[in-house]
Every structure is written in structure tokens, then in C-alpha cells.
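Below is one structure, written out as C-alpha cells; comments come after it.
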Amino acid sequence: MLESLLAIGGLVLLRDSVEWEGRSLLKALVKKSALSGEQVHVLGCEVSEEEFREGFESDVNSRLIYHDLFRDPLNWSKTGEAHPGGPLGALRAMCRTDSCSITIAVDSLSWLLLHLPCTELCQTLHVLSHGNSYPGVNPPVGQVRVLGLLHEELHGQGPLGALSSLAQTEVTMDGKMGQASVHILYRRPQQRPAYQTQWFSILPDFNLDLQEGPLESQQQPSSHVPLVDPTTHLTFNLHLSKKEREAKDNLTLPFQFSSEKQQALLRPGPGQSSSHIFYEPDVYDDLDQEDPDEDLDI
């Protein structure tokens, strides 16, 4: 279920597409983490802080610690608000807390991939999701959960495969007939990967409404519709009758050299005259009196 995405730590990869966006699901998971009492950090890169907080209640917004990279990502204004270590430095600084559990929402990993080397981003996510610490940074007391939004259509197989190998959980957005669904892949140490599909909808207040999926009557044709036999109006037979099968078995094909055909060729029938070949040597013919085939047992 979608609720189990927040049960453990590690990197949770939210893969969306142009047809099925994933920011609403990211905000729904952020809200659930904030209401559970966790410390929630949001690294905003693609939308403004006002747009991201829109739709949250005041008690949820008061628990979010927002790190704005959308307004001045390159620190051109020199206001001092940007982190000196850049986006990755801001991610590392989020672990400097005494909270038992931390949730870091990255909106989005695609923005970071387009502006930073993939190797540095993967190293940072690996350290964060596994609870390790950097030099000079105290390790987090509790578990760290990273919710990373990824627009998979913007990247090649290399970056996608690297991030996929780091994720403990992958959530791929999908849908059918206007209803959204997610395909969830769970990876646990020393266990086989588990797959699950969940249908859901997101309410205006960013609560999750879990559903059973499209109705069967919409997916399959109704039972009262008669099935059409495709062999009804054929102009040929698909099977042979008994007489046709016997005639087929008794038929001698022209390329089959049977014993009857051999005897007919070697023995002329009644009324047929036999033929002979007469050879008269020329004066210039070189006749060899020896039998050229005497070495053969003929």
C-alpha cells in the first residue's frame, strides 16, 4: 500500500511522466510525514515556495522546513540566503538534527541531474539514504527518508539506472481511463524484490483516497454480447472429410519415384516399339581397344 512507503527509511524514487504527474503524490506523502510528527525538509527547485505550500493546512505548513532553490538557484542576488555548498551542501546540512526521524523531499531530482554531475548526486543520496555522515557532520540519530521526484522522460538510461540502483523503493506513476495508479517496487536486504500495484486518487487537501481500480464492466465486454465465430463465413474448409483424407493418402505425387513408375520406365508396354542406338565411328575417332571400365566391377 501507499502508506507503507513511509514505514522505512532510504530513497523513495517517484517516477512520473508527462501524462501522469507525480508532484501531487509527493505533496501527499510530505503531508502525511509532517502530521506524523517527523521533521520534514523540502528542497524546492522547480516551483516556488508559495506554489508548493498551496493546498496545505496551516498546521502542515508550520512543520515544513523549506529550502528555496527556485528563486535564486545560482545565488546571483548575493543575499546570503543560498547555502554556500550549493544544492548538495543543503542536502547534507539537513541531517544536522537531533530528530528521531527525518523526511527530505526533493522537488526534483531531475533539476539536480540537469545542473550537477550525476556521480556527485548519487554519492550524496547514497550517504543520506543509508544514514552515514560526512566529515564534520554528526550522523542522524534516527532514520532518514528521501522522497525524490524524477521526470524519467528527461533522462537517458544511464542516470535512470544509477538512481534506480540506489532506491529502496521505486514508485512509477501510471493510470488507465483517467484513474491514476502506481507500480511499487520494494527492495529489502537479503529479500526478493516485491511488486505491487495500487489505484488511488488525491483529494484537494492532498489526502490519499485508495481505490480498487477501474470497474470490470469498463475493462471487459459484458457477458450478454454474443461472441462471433471467425470461421463461420470462410470460403474454404479448414478440415478434410474422411473421403478426402483417403484420396489424399492414395495420391502419388509427381516427384515421388515409386517402384511402379520405375518398372513402367524400364519395360515398354504392349504396342510400344523398342528403340536402339547405332554408332558409326568416324575416321578421326581415337578408338581405344581396351575397356576403359575394366577396373570397375560392372
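What does the charge count around Ala34 come to, taking other residues whose C-beta lies under 14 Å from its C-beta (Lys +1, Arg +1, Asp -1, Glu -1)? Don't skip to the answer; put the middle values down first.
On the way: positive: Lys27, Lys31, Lys32, Arg53, Arg63, Arg145; negative: Glu38, Glu57, Asp59, Asp205.
Result for the neighbourhood of Ala34: +2.
Packing, as the average of other Cβ atoms within 10 Å across residues, places the peptides 147-158, 6-17, 275-286 in the order 6-17, 147-158, 275-286, highest first. By the rule of a C-alpha distance below 30 Å, with chain neighbours fewer than 8 residues away ignored, the lysines paired with Lys31 are Lys176.
Using the Karplus relation 6.51 cos²θ - 1.76 cosθ + 1.60 with θ = phi - 60°, the per-residue 3J(HN,Hα) values for segment 195-210 come to 10, 7, 10, 10, 8, 7, 9, 10, 6, x, 8, 6, 9, 8, 10, 6 Hz, with x marking Gly and Pro.
For a straight C-alpha distance cut-off of 16 angstrom, the aspartates and glutamates reachable from Lys32 (same-chain residues fewer than eight places away being disregarded) are Glu3, Glu54, Glu57, Asp59, Asp205, Asp209.
For Ala105, the residues 5 or more places off, or on other chains, whose built amide H falls under 5 Å of its own are His41, Val42, Leu43, Leu147. Computed from backbone phi, the HN-Hα couplings of segment 17-33 come to 9, 5, 6, 10, 7, x, 5, 5, 5, 4, 5, 5, 5, 5, 4, 5, 5 Hz, rounded to whole numbers (Karplus: 6.51 cos²θ - 1.76 cosθ + 1.60, θ = phi - 60°; Gly and Pro given as x).
Throughout, read-outs are computed from the coordinates displayed, never taken from laboratory work. Bear in mind that the values here come from a model prediction, so they are computed numbers and not experimental data. Glycine also receives a Cβ, built like all others from the backbone with ideal geometry; neighbour counts cover every protein chain displayed.
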